[in-house]
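Heads up: the structure comes next, in structure tokens.
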Amino acid sequence: MRVVEAFRAAFGTDPATVWHAPGRVNLIGEHTDYNDGFVLPFAVPWGVTTAVTPRDDSTVRLLSLQHGDPVTIPTHEESRGWTRYVVGVLATLGDRVRGADIAIDGDVPQGAGLSSSAALEVSVASALNDLHGLGLSPMELALISQRAENEFVGMPCGIMDQAASALSQEGQALFLDCRSLGSRNIPLDLAAHGLRILIIDTQVHHEHANGEYAKRRAECESAARKLGVAALRDVEDLAGALSQLQGDERKRTMHVVTENHRVEALVGLLRAGAISEIGALLNASHLSLRDQYEVSSPELDLAVEAAIRGGARGARMTGGGFGGSAIALVADDRLESVRDSVSAAYAERGWKQPRFLPATPARGAHRLS
Ligand code: GLA
């Protein structure tokens, strides 16, 4: 394993344990997690592998195969870029972790909105949990990782990405109730139905994404306060709620409430073995994210429209939005035509070609050796 070789070369010893944690795509349930709602992500085949060994002192040394020479872990104030995620996890674990040498290797496509940051956090948290015998559950590790991102990176994300990375099972999607944190793995038997999920990475990431994310979150919280509910998850009478709201808050509420219903409907179809029928829900989710939640982008919209024109059974943006990736549900015999349709649409506008990646539901965080 590459990370083990690099570990030996840098630290002169074998790692005590090696863990892998994946990135994710979200099948449906977008911008619902921080509204105490439902999500249905699954882990992707790419992730972050972390090799660790304990040290006698309290020093933490860190090597990333993607970022060059080992560094002694910087303080919170000094940390920049990728080290912030690791510093955040270490700080959140606090006194429970002592000195360690850590090597990290990742292959989540960067900037594709496939949660490379959650993969990094959960991978490091899982490896340290094992190393120090902390006995934390996968959900506890996800919560620690989310806190690291909220407090140390300053991204006010919900729990979806970290939970998907920590709890997913191969061949299954993770149905998560973001209030109770109860979850169920739902079989996603694409191949048996001659289907696949194609990731269309627009390779565009708009700079204002984080600011807009925080703004959406604040709008939802404000709407919930006006409606006298703990979170938008609690809205039962949608028409009644909408009549009490205006402007953006009205639109955001419309999205969140209907999206939660779409998640439940999609889970119902999967449980009934009707995976080929989920396309309409994917399409409806995209329209709602585009028009009500206003987090799509021209590149995502075009990917979705062209995929459907090319014969996809359904398509939608996935993740936070403002760039990143779309997913399309495609029958095996339509794969070429969907790709051609999207490529041609991008070429016609003179845009940089998107990247196509296969999304096979992979296993969540696990020990490699
Ligand atoms: C980002 C966040 C998640 C979630 C999605 C939108 O990926 O990290 O917590 O809110 O956006 O569904």
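Read the figures in this text as sums done on the coordinates, not as results from a lab. Everything quoted here is computed from the prediction, not taken from an experiment. Virtual Cβ from ideal backbone geometry, glycine too; neighbours counted across all protein chains shown.
Any chance you could check the Cα centroid distance between segment 275-353 and segment 180-251 for me, in angstrom? Between the Cα centre of segment 275-353 and that of segment 180-251, the gap is 18 Å. Per residue, the average separation of C-alpha pairs within less than 8 Å and at least 6 apart gives the chain a relative contact order of 24 percent. The GluC sites (Glu not before Pro) of segment 179-287 that meet both conditions, a loop assignment by DSSP and at most 15 other Cβ atoms within 10 Å of the site Cβ, are E207, E236.
Using a ≥ b ≥ c from the Cα gyration tensor of segment 317-365 (square roots of the eigenvalues), is it rounded, prolate or oblate, where a/c under 1.5 gives rounded and otherwise the larger of a/b and b/c decides, a/b for prolate?
Numbers: a/c = 2.64, a/b = 1.32, b/c = 2.00.
It is oblate, given that a/c is not under 1.5 and a/b is not larger than b/c.
Rounded, prolate or oblate for segment 113-236? Axes are the square roots of the Cα gyration tensor eigenvalues, ordered a ≥ b ≥ c, and the cut-off for rounded is a/c under 1.5. Rounded shape, in that the Cα axes give a/c under 1.5. Taken about its Cα centre, segment 191-359 carries a charge dipole of about 120 debye when Lys and Arg each add +1 at the Cβ and Asp and Glu each add -1 at the Cβ.
Which trypsin sites (Lys or Arg not before Pro) does segment 44-118 hold that lie in a coil by DSSP with at most 12 other beta carbons within 10 Å? Walk me through the numbers before you get to the answer.
Details: sites: R55, R61, R80, R84, R96, R98; in loops: R55, R80, R98.
Listed in order of number, the matching sites are R80.
The three principal axes of the Cα atoms in the chain give end-to-end lengths of 61, 50, 41 Å, sorted in falling order.
Just need the relative contact order of segment 116-253 here, percent rounded to a whole number, with Cα pairs under 8 Å and 6+ apart. Please list the in-between numbers first.
Numbers: 117 pairs, mean separation 20.0, N = 138.
Reported relative contact order: 14 percent.
A compact globular protein would have a Cα radius of gyration near 2.2 N^0.38 Å; the ratio found for segment 191-359 is 1.11.
Let me know the charge dipole size of the chain about its Cα centre in debye, to the nearest 20, where only the beta-carbon of Lys, Arg (+1) and Asp, Glu (-1) is charged.
Numbers: 35 positive and 46 negative charges, 47 e Å.
About 220 debye.
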